[in-house]
Each structure stands twice: as structure tokens, then as C-alpha cells.
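Readers should treat all values here as calculations from the given coordinates under stated rules, not as data from a laboratory. Every value quoted in this text rests on a predicted model; they were computed, and no experiment measured them. Positions of Cβ are generated from backbone atoms using ideal geometry, with glycine treated the same way; all protein chains shown enter the neighbour counts.
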Amino acid sequence: MEYAVETFSLTKIFSDWWGRAKVYAVDDLNLQIKKNEVFGLLGPNGSGKSTTIKMLLGLLHPTKGKAVVLGGDGTDPKINSRIGFLPEESYLYKYLNARETLDFYGRLFGLPSELRKMRVEALLDMVGLKAVANRSVGTYSKGMARRIGLAQALINDPELLILDEPTTGLDPIGTRQIKDLILKLAQRGKTILLCSHLLADVEDVCDRIAILYGGKIQTQGRVRELLQQTNKIQITTEAISDATVQKIERLIKDEQAECEIASPLDKLESFFIRTVAAAQQQAQPTSGAVSTTKIGGFLVEESPVEKILDKLVSAPLTEKAVQKEPMTEKVVQDESLASGPDEHLLTELTGSPETSVSKPVAKEEKVEEESAESQQVPQKEQIRKDILDRLTDTSSPPQKDDRQKENS
């Protein structure tokens, strides 16, 4: 499967009351979104973005054409279980708190109880709502509702994440947090389809974009290639002297080109975040969401080597095993040539010639000594039994010689 999402002449026509074609919401859309890609679907209001998303999810049936999502049909429940969706408006049960909301969506995906509990706590910490997790979501602000909406979109650890205006209503810190999260999810191997009117956010995170107008793609491509101005050159240096600046200006004028020299400006977003971060370090109280840079543990990709090492080192010794170790060492010290199963296995793995020869010989000698002792024990017991039988045997009459001795 080369593409995570692919459409073939996808078209949606909304008709009027009489069934006549009225509006072409999406017109002959051919879209390809690669796996492990952040793709931005842009356009003004009414350009067909939300309609396209609904057809991908199976919420709307196309008038004609076809959409393939994760190698199948978006209406298939098995495909839906691998998709996370954050709609433009988060429709939440306002009387449930944050934990109950995430637990409810986890139950819809059939997640086990322990796994559900772990993911709920991880997601609450990730979106900065752990401190207000017991409040009803109906009392949340719009930005906090978007945070819990994003958490419910990630509860099933989806392969494809569709985000429709994810940063609407968020403060600058929350916006930066969502952008960082999108980049981390892309590094993990997830495919993300992003719709947003905040073009600066799209520019920061998207690999490729497509711009819709009138339900048709007007242009698409990689962000850097579309935005790069090949007829201009930008030079950024450290602080230099005025004399050097004047020399540069003269050289540029000799090339008959115009130039503008000025100190670069920092982004207001970065300045805002640094200011608030300084206030958070002073532990100043707040009743809103607390932004973090954490990401849910189950969303972080682990390499196969790390998983194997974790399994090898995660099994601690039991108390029983620890107590037996001194006894085993004592036996080995007393019987210096005796070898156990672990030592025999180690000998085979290391291929030590001296150990492999000496230990079996010592073991045979020990077996012979034990067998000799075991043969002597039955002989002694038999002699004792015969003596007792003679002393206690009264069943037979005494012999003649014995009677004579008694009379004398």
C-alpha cells in the first residue's frame, strides 16, 4: 500500500428539494496522501475541505468516484478503528469529566480496562488537563475542549489522524504544543491529514499541501518548493561592522540589484512562549490548562532492540531465588568439581576445553562413591535383621544339644 489516502474522481453534489443538482461541493478530486506524511488540505470557507473529510470517513456517500483509506473503505469498522478524528467542533457530553470522557471513547474501541486507564492518564498529562480532569467538560473553555477532543482522537493510537482546525481557540502555547505533537507523531510513522485556516501553523508542520477552491485542487506540492522565491537570495550573518555593511551594499548596487539590510525579527509566538515559560518556572498559580511537552508513552515508537532489552532486564529476581543463591554457592565450594545445569550450558557456549574435560570425570567419581555407600547400607541392615531374628525367634522347639545344656 503506497498511499494512506487516495481518491479517484471523488465528487459530491448537493441537490435541492426536487433532486436537481445544485452545488458541486467536491468536483473530480484526485488526491494522494503518502504514508508517514503530514498533508495540509487548505482552502477558503466552502471550498470542500470538510465535505472531503466526511467522504473519507464514510459519513457522506460520494455522488461518484471512490476513496481508499488505509487500503480499504472508510465505512468499514475495521478501517475506522485505525483512524483518529478531531472534528471542527468537539461534540462532547458536557456532564462527564475528562477522565470519564476518555474512558467512554476507549470503551467504544474495545480497549481493555488496564490499557484504557493507562492511556487516559497519559493523554491527560500530555494535553495539560490532568489538574482539571475531575471537572465537567461542559465547564471547559473552547481551548480546553479542543485539548480533550485531541486526546479522544488519540485514545486508540490511530494509524491515520485527521485534524480539522485543531488549533482553533487554543492559546499560543497550546498551538505550539499541538504542532510539536504533530511532528512527533509523524516521526513515529503516523499519517496526518490537517485542515486549518492558520497558514503559519500549516507552514511549520506540513510536508505537502493542496489548495482547494470550488471543490477542485488549484495547486499542490511540497511546502518548501511552493514557497521558495528562486529570484531572490537571503543572507543571514552575525553582527558585523557598519563599514562591512556599506561594502556589501556597494557590491550589490554594482550588480544592479536592490537590497534591504535590517536586523531580523523574532516571532511573536516564540517571544510569548518564553515569557509564559518563565512564569511557569516560578510556579505561579493558574486555573487553566498547564501546557507540557510530554507525549503519551504508548504513542512513542520503540525500536525492536529496545523492546528486547526491556524484556530481558524487566524481570527482577524473586526473593526465593535470592535466598537460594548463598546455598548454591556453598555446595559448589564444598564440592569444587560439581557442576550444575547452568555451568554446563555456560561450558557449551564458551567452549572451554579444561572445564568440559575435568567436570564430567569428577562427576563420575562422585557417582561411584555414592553407589558404593548405597551398597554398604543394605548389607549392614541385613546383618542387624538376622541377629534380631535369631534373638526373637521362639516359633521352633529347642535342639537336643540345647536341652542337655539346660539340664546340666
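If the chain between Lys64 and Gln282 were fully stretched, how many nm would it gain, using 0.36 nm times the residue separation less the Cα-Cα distance? Each step should come with its number before you reach the end.
Working: separation 218, 0.36 × 218 = 78.48 nm, distance 5.85 nm.
Result: 72.6 nm gained on full extension.
Any of Lys34/Lys54; Lys35/Lys78; Lys12/Lys78; Lys54/Lys142 with alpha carbons more than 21 Å apart? Name them for me.
Details: Lys34/Lys54 19 Å; Lys35/Lys78 18 Å; Lys12/Lys78 24 Å; Lys54/Lys142 23 Å.
Correct reply: Lys12/Lys78; Lys54/Lys142.
Each residue of the stretch 55-70 in order: what ³J(HN,Hα) in whole Hz does its phi give by Karplus 6.51 cos²θ - 1.76 cosθ + 1.60, θ = phi - 60°, with x for Gly and Pro?
6, 5, 8, x, 7, 10, 8, x, 5, 7, x, 8, 10, 10, 10, 6
Given a cut-off of 19 Å, name the pairs among Lys94/Lys130; Lys66/Lys190; Lys64/Lys216 whose C-alpha atoms lie farther apart than that in the structure shown.
Numbers: Lys94/Lys130 17 Å; Lys66/Lys190 23 Å; Lys64/Lys216 15 Å.
Check vs 19 Å cut-off fails for Lys66/Lys190.
For the stretch 185-248, run through the trypsin sites (Lys or Arg not before Pro) and keep only the ones in DSSP coil with at most 12 other Cβ atoms within 10 Å of their Cβ. Walk me through the intermediate numbers first.
On the way: sites: Arg188, Lys190, Arg208, Lys216, Arg222, Arg224, Lys232, Lys247; in loops: Lys190, Lys232.
Sparse-neighbourhood loop trypsin sites (Lys or Arg not before Pro): Lys232.
State log₁₀ I(q)/I(0) for the stretch 37-179 at q = 0.15, 0.22 Å⁻¹ as given by the Debye formula over alpha-carbon point scatterers of equal weight, solvent excluded.
Log10 I(q)/I(0), no solvent term: -0.81, -1.45.
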